[in-house]
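Take a look at the structure below.
No lab work stands behind these numbers, since they all come straight from the coordinates. The structure displayed is predicted, hence computed values, not measured ones. Heads up, the Cβs are rebuilt from the backbone with ideal geometry, glycines too, and the neighbour counts pull from every protein chain shown.
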Amino acid sequence: MPIFKKDKKQKITSPKSAENPLQLINNCKIGEGTKIWNFVNIYECEIGSDSMVGCFCEIQKGVRIGDRTRIQSHSFICDLVEIGNDCFVGHGVMFINDVYPPQPDRSEWKGTVVEDGVSIGSNATILPVRIGRNAIIGAGAVVTKDVPEGAVVAGNPASFLRYRNGSKGE
Ligand SMILES: CC(C)(COP(=O)(O)OP(=O)(O)OC[C@H]1O[C@@H](n2cnc3c(N)ncnc32)[C@H](O)[C@@H]1OP(=O)(O)O)[C@@H](O)C(=O)NCCC(=O)NCCS
């Protein structure tokens with residue numbers, strides 16, 4: 001299911017790290033209006049328009065992030081992760097693609113899809129899952145299973161608390 005559609009064209013491609021020695025940005029496609037803070041390491045990924053990446057984030061090759069999505073500081077977003085539009089990724093959120101590390105064979109890694117409007121609390125760990133539209137992930141959650149649209153989950157392992165107000169699950 002395609003979740004990655006951008007409202008605006010990506011105008012800025014691969015700003016050179018040399019333009020700001022406090023950033024490592026290599027071969028990225030970054031949309032208009034997206035703010036990247038200092039002390040980031042982001043490479044060969046795609047970020048839409050009017051989004052934000054906070055300091056001390058690493059975003060790996062192949063990651064795709066939509067429009068108006070905020071990635072707060074200290075988060076790690078690995079290869080095979082796709083994040084939609086209007087999402088919030090809290091501080092220190094860790095994504096996982098290699099479930100049995102170290103597994104050098106990339107074909108054994110698994111991906112994660114974060115659909116539009118999802119909010120992920122600080123310090124959550126996201127194993128390879130699909131997180132449905134407008135879901136909320138509690139702070140410190142360890143998400144081991146797919147999360148339905150509009151669900152609020154928390155804990156380790158994350159379990160269902162309720163449906164978000166106004167979501168179709170209610
Ligand atoms: C998950 C969350 C949205 C739930 O909010 P809520 O629906 O108002 O939940 P409540 O506070 O009513 O708590 C409901 C139950 O879930 C538990 N709970 C709430 N958040 C939890 C969390 N992050 N981890 C584990 N349990 C949690 C509560 O202890 C309570 O348990 P109880 O019924 O046994 O007493 C919220 O607690 C949260 O973690 N938000 C993320 C905040 C964040 O990281 N922001 C980042 C920017 S600062």
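By counting other Cβ atoms within 10 Å of each Cβ, how are Ser51, Ser107 ranked from fewest to most?
Ser107, Ser51
Please sort 97-105, 64-72 by packing, taking for each peptide the average over its residues of neighbouring beta carbons within 10 angstrom, highest first.
Numbers: 97-105: 11.0, 64-72: 23.3.
Result, highest mean Cβ count within 10 Å first: 64-72, 97-105.
When DSSP beta bridges are limited to those with both residues in the chain, what percentage is antiparallel, rounded to the nearest 5?
Counting only bridges with both partners in the chain, antiparallel ones make up about 15 percent.
How large is the charge dipole for segment 64-110, taken about the Cα centre, if only the Cβ atoms of Lys, Arg (+1) and Asp, Glu (-1) carry charge, to the nearest 20 debye?
Its charge dipole is roughly 160 debye.
Please quote Rg/Rh for the chain to two decimal places, taking the Kirkwood radius as Rh and restricting both calculations to Cα atoms.
0.97
Taking the beta-carbon count within 10 Å as an exposure proxy, list Phe88, Phe160 from fewest neighbours to most.
Starting with the residue having the fewest Cβ neighbours, the order is Phe160, Phe88.
Looking at segment 17-55, which chymotrypsin sites (Phe, Trp or Tyr not before Pro) are DSSP coil and have at most 13 other C-beta atoms within 10 Å of their C-beta?
Working: sites: Trp37, Phe39, Tyr43; in loops: Trp37, Phe39.
Answer by residue number: Phe39.
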